[in-house]
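Notes follow the structure.
The values are calculated or read from the model by the stated rules, or taken from the named source; none is laboratory data. Every value quoted in this text rests on a predicted model; they were computed, and no experiment measured them. Using ideal geometry, Cβ is built from the backbone for each residue, glycine included, and neighbour counts are taken over all protein chains shown. Areas reflect the complete protein model, heavy atoms only, side chains present, ligands, DNA and RNA absent. Shrake-Rupley method; radii C 1.70, N 1.55, O 1.52, S 1.80 Å.
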Amino acid sequence: MTASAHPHTRVMVELGDRSYPVDIGPGVRHALAGVIAGLGAQRVAMVSARPDGWLPDPGVPSVVLRARDGEADKSLATVEELCREFVRFGLTRSDAVVSCGGGTTTDVVGLAAALYHRGVPVVHLPTSLLAQVDASVGGKTAVNLPEGKNLVGAFWQPSAVLCDTDYLETLPAAEMLNGYGEIARCHFIGAGDLRGLPLPEQIAASVALKASVVSADERDSGLRHVLNYGHTLGHALEIVTDFRLRHGEGVAIGTVFAGRLALALGRIDEARAAEHLEVVRSYGLPFALPADADPGRLIEVMRLDKKATDGLTFVLDGPGGPELVSGLAEETVAAALAGMDRADSYHRH
């Protein structure tokens with residue numbers, strides 16, 4: 001099968017001479033050899049968290065390095081090991097790295113590519129819905145520290161992203177849900193109502209929204225904060241549940257919370273706050289806080305969020321759309337948390 005055998009959508013991330021395409025559709029992974037040829041790379045290190053059968057032919061000599069999706073391997077130690085493997089293979093600055101896996105693999109491989117020889121080209125083949133709609137696009141790469149998520153990273157744009165929707169057919173329901181958390185939050189940051197659209201269109205709309213924001217604010221100095229909608233509480237929930245809640249699930253609950261907090265601050269009305277809950281529920285996503293999540297601990301972790309340069313900081317909906325709101329009183333945040341539904345049915349998938 002070739003990439004042209006089926007219709008696919010191309011979204012461009014416009015960054016001047018570093019612009020790159022995101023191709024979405026069935027079979028687009030088979031365009032990899034053409035992408036590598038266009039880069040002029042003589043050899044490729046392919047870092048994959050998926051079976052070998054998922055890897056397309058890069059068209060040049062290559063080595064396959066094993067990766068594992070999951071927060072446990074999203075560390076500087078993994079980045080170091082990958083870079084050492086690149087050396088053993090003889091990878092040079094004019095060669096390329098390819099990632100094949102979910103969001104954590106995309107993040108780790110992207111950071112390794114950013115650091116190796118101070119930067120080598122990277123092409124992403126995201127295999128999870130979460131990675132296709134979010135992690136693979138925009139050039140943010142990062143790993144975790146014991147103290148928090150994504151605290152060590154770099155901006156390193158890929159040379160191309162191939163979102164092959166064939167990959168999604170093998171995903172378990174829980175992993176699809178993980179991606180829908182990011183799609184649901186797009187409803188409140190400018191993508192419009194994506195409910196009911198075919199999945200490739202939902203992915204393309206989410207990518208197009210992210211591409212437009214990244215083009216306007218690559219380095220996260222202003223507008224790009226809107227992409228973190230629902231993420232402040234979402235990340236905290238991941239940490240306090242020891243990642244029992246997946247990223248997209250945390251973001252979904254965080255999106256409902258963002259609606260409640262914006263309502264408490266008088267930024268939106270009751271109907272708009274209710275819309276947050278309605279949209280999240282319509283995707284089959286969790287919307288309630290885990291019963292065992294301690295509000296005090298959540299607030300403590302949210303204070304460590306990368307956006308929190310001035311006290312508790314959230315991206316919140318408002319009359320002019322979503323924006324960063326800083327310096328919120330702990331009591332206000334605690335009261336909004338107290339008003340959230342609670343659920344004791346969350347378990348590690």
Among the residues of the stretch 162-174, write down those that are over 19 Å from Phe287 (Cβ atoms) and either open to solvent by 30 Å² or more (accessible area, probe 1.4 Å) or at pLDDT below 95 (or both).
-> Asp166, Glu169, Thr170, Leu171, Pro172
Test: Tyr229 is surrounded by 18 or more Cβ atoms within 10 Å (Cβ to Cβ) and not assigned by the TED database to the domain that holds Val301 | no
Filter the stretch 75-103 for residues that are among the acidic types (Asp, Glu) and free of Cβ contacts under 8 Å to residues at least 40 places away in the same chain and give the result.
-> Glu80, Glu81
Among (1) surrounded by fewer than 24 Cβ atoms within 10 Å (Cβ to Cβ); (2) within 21 Å of Gly102 (Cβ to Cβ), which single condition is Leu265 missing?
-> (2)
If you check Arg43, Arg29, Arg10, which single one turns out to be of a type in the set (Lys, Arg), closer than 23 Å to Arg224 by Cα and either touching a residue at least 60 places away in the same chain (Cβ under 8 Å) or out of contact with any helix residue (DSSP H, G or I) (no Cβ under 6 Å at 6 or more places or on another chain) (or both)?
-> Arg10
Could you grab me the full set of residues in the stretch 289-303 that are open to solvent by less than 20 Å² (accessible area, probe 1.4 Å) and outside any loop (DSSP other than H, G, I, E, B)?
-> Leu289, Pro290, Leu298, Ile299, Val301, Met302
Has the stretch 304-313 got any residue that is modelled with pLDDT of 95 or more and surrounded by fewer than 16 Cβ atoms within 10 Å (Cβ to Cβ)?
-> no
What number of residues within the stretch 149-161 satisfy the criterion of being within 30 Å of Gly27 (Cβ to Cβ), under 15 Å from the mean Cα position of the chain (by Cα) and open to solvent by less than 30 Å² (accessible area, probe 1.4 Å)?
-> 3
Going through the stretch 237-248 one residue at a time, which ones are in a helix (DSSP H, G or I) and either among the hydrophobic types (A, V, I, L, M, F, W, C) or open to solvent by 10 Å² or more (accessible area, probe 1.4 Å) (or both)?
-> Leu237, Ile239, Val240, His247
Subset of the stretch 176-192 [in contact (Cβ under 8 Å) with a residue 24 or more places away in the chain and not hydrophobic (A, V, I, L, M, F, W, C)] = Asn178, Gly179, Tyr180, Gly181, Glu182, Arg185, His187, Gly190
In the stretch 76-100, anything of a type outside the set (A, V, I, L, M, F, W, C) and either open to solvent by 30 Å² or more (accessible area, probe 1.4 Å) or part of a helix (DSSP H, G or I) (or both) is listed as Thr78, Glu80, Glu81, Arg84, Glu85, Arg88, Gly90, Thr92, Arg93, Ser94
Answer yes if at least one residue in the stretch 312-331 is without any contact (Cβ under 8 Å) to a residue 40 or more places away in the chain and closer than 21 Å to Glu182 by Cα, and no otherwise.
-> no
If you take the residues in the stretch 127-140 that are over 14 Å from Ile183 (Cα atoms) and touching a Gly at 6+ places or on another chain (Cβ under 7 Å), which one is surrounded by the most Cβ atoms within 10 Å (Cβ to Cβ)?
-> Thr127
Check Gly234 against each of (1) open to solvent by 20 Å² or more (accessible area, probe 1.4 Å); (2) small (Gly, Ala, Ser); (3) part of a helix (DSSP H, G or I) and name the one condition it does not meet.
-> (1)
Kindly provide the set of residues from the stretch 178-221 that are open to solvent by less than 20 Å² (accessible area, probe 1.4 Å) and outside any helix (DSSP H, G or I), ordered by number.
-> Phe188, Ile189, Leu194, Asp217
Identify the single condition in (1) farther than 19 Å from Thr165 by Cβ; (2) surrounded by fewer than 16 Cβ atoms within 10 Å (Cβ to Cβ) that Arg43 does not satisfy, given that it satisfies every other one.
-> (2)
Looking at the stretch 206-242, which of its residues are under 20 Å from Ser128 (Cα atoms), touching a Lys or Arg at 6+ places or on another chain (Cβ under 8 Å) and among the hydrophobic types (A, V, I, L, M, F, W, C)?
-> Leu227
